[in-house]
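In what follows, a single structure is set out as structure tokens and then discussed.
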Amino acid sequence: MSLSKAQSPHTMNTYGRLPVAMSHGKGVRLWDVNGKSYLDALAGIAVNTLGHGHPKLVPALQDQVAKMMHCCNYYHIPDQEKLAAKLAELSGMTNTFFCSSGLEANEAAIKLARKFGHDKGISNPQIVVYEKAFHGRSIATLSATGNAKIQKGFEPLLAGFIRVPLNDIKALEAATQDNPDVVAVFFETIQGEGGINPMSVDYLKDVRALCDKKDWLLMIDEVQCGMGRTGKWFAHQWAGIKPDVMPLAKGLGSGVPIGAVVAGPKAAQIFQPGNHGTTFGGNPLAMRAGVETIRIMEEEGLLENAARVGEHLKQAFTKAIGHLSGVKEIRAFGLMIGIELDMPCSAIMGQALEAGLLLSVTADSVIRLVPPLIMSTAEADEVVSILVPIIKTFLAEQGSDTHHSPKHSTLQKA
Ligand SMILES: Cc1ncc(COP(=O)(O)O)c(C=O)c1O
């Protein structure tokens, strides 16, 4: 079967697809319809926590499909209670609303913040959002997103957002000074689509303190960086803080569509019957996927694995390419890794595919690796052995391969 980059005749032209169709997977490997195998360092964009065809997840989902996939929220759904209780235990928060995607979780967060304001008598609530943020592509979430390319053509954007730079507490204070309409601060602990950009531990603590002082909601989008990817359940836990609202999705269902917005005591009672809802949200199949994903992650020590294998990858990349002048920075937080080059490098995605490695390039110049959390160090070494020559050749072809000293950043030092 041969596939081109040409648009398919019947699906909308929303994606610039690579010329390949995947057929099936096992562990951290996928096979295309022609039988070629790929090492998966992308996990369907940070989704396949347990890789492909996990021997414990597959029978559990088969069992659930046979029993019941969907029944709707007119009725109690026991696995919703189970998953919500587990998320409360892992996050130290209290109550969860379930939906089916990241943007839906963020949409719910934005509604929570607005109603939090209205309940306090604020009729024009404002939410602080960040440069380079990505929160989704609905009108509300693309308005919160800090990327003009994503917003272009969909104006008028939703009002009610104040934008600030990352890691600058003075800028946040200045942007909100004497503004009684501010109700919430909303960011990703580590920006994913924006280029693997972390909020520093100090900044996270300072914003938590400011939100407490001003009675604002701290809303942390952990859709991409959460669910164990950085070696803690949620990336903000590296700073020892708790948000009031935490949207989740992606890795929570290990491939089954799911979203969740977890709330702490300050936000847990804002929604009342009739305020919010969604047909698919929290359906028995998605809930079973969430319950089993977390159970298997705990059983197999996948947080520790993410931290260990991520550190291994960081060391290996730093040693192999950290000294090249075309490599601006290697940012690695467990298995959320960005290698920033000093030039646009989207071509590397196709070159890696050709060489049997799945990854993505985000923010034009950041090679992003977000593999399944089951990846072993041997498989990580394979990733390095495929990717390093590709990066070296790419830089050499661009005339940028002079040596210099290595640079990398951590959540702590950022
Ligand atoms: C941090 C973050 N928030 C929200 C979203 C949107 O999630 P979804 O594509 O499931 O709507 C994404 C997707 O990449 C994301 O990375």
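Structure above, values below:
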quantity: Lone unmet requirement of (1) touching a residue at least 12 places away in the same chain (Cβ under 8 Å); (2) under 30 Å from residue 307 (Cα atoms) for residue 162; calculated: (2)
quantity: Selection within the range 240-254 - more than 21 Å from residue 134 (Cβ to Cβ) and either out of contact with any Leu (no Cβ under 7 Å at 6 or more places or on another chain) or surrounded by fewer than 24 Cβ atoms within 10 Å (Cβ to Cβ) (or both); calculated: 240, 241, 242
quantity: Candidates 170, 213, 242, 205 - the one that is in a loop (DSSP other than H, G, I, E, B) and either away from the ligand (no atom under 16 Å from the Cβ) or modelled with pLDDT of 95 or more (or both); calculated: 242
quantity: Among the candidates 153, 146, residue that is at pLDDT 95 or above and closer than 22 Å to residue 195 by Cβ; calculated: 146
quantity: Residue within the range 263-282 that is farther than 28 Å from residue 210 by Cβ, buried (at least 20 other Cβ atoms within 10 Å of the Cβ) and of a type in the set (Gly, Ala, Ser) present; calculated: yes
quantity: Residues satisfying the stated conditions in the range 173-201, i.e. in contact with a helix residue (DSSP H, G or I) (Cβ under 9 Å, 6 or more places away or on another chain), away from the ligand (no atom under 16 Å from the Cβ) and not in a loop (DSSP other than H, G, I, E, B); calculated: 173, 176, 182, 183, 201
quantity: Given (1) small (Gly, Ala, Ser); (2) buried (at least 23 other Cβ atoms within 10 Å of the Cβ); (3) out of contact with any strand residue (DSSP E or B) (no Cβ under 7 Å at 6 or more places or on another chain), number of the condition residue 260 does not satisfy; calculated: (3)
quantity: Filter result (under 26 Å from residue 170 (Cα atoms) and either free of Cβ contacts under 8 Å to residues at least 60 places away in the same chain or more than 16 Å from the ligand (Cβ to nearest atom) (or both)) within the range 132-155; calculated: 141, 142, 143, 144, 145, 146, 147, 148
quantity: Tally, over the range 85-105, of residues that are in contact (Cβ under 8 Å) with a residue 24 or more places away in the chain and away from the ligand (no atom under 13 Å from the Cβ); calculated: 12
quantity: Residue 49 within 16 Å of the ligand (Cβ to nearest atom) and surrounded by fewer than 12 Cβ atoms within 10 Å (Cβ to Cβ); calculated: no
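The values are calculated or read from the model by the stated rules, or taken from the named source; none is laboratory data. These numbers were taken from a predicted model, which means no experiment stands behind them. Cβ coordinates were reconstructed from backbone atoms using ideal geometry, including for glycine residues, and neighbour counts include every protein chain displayed.
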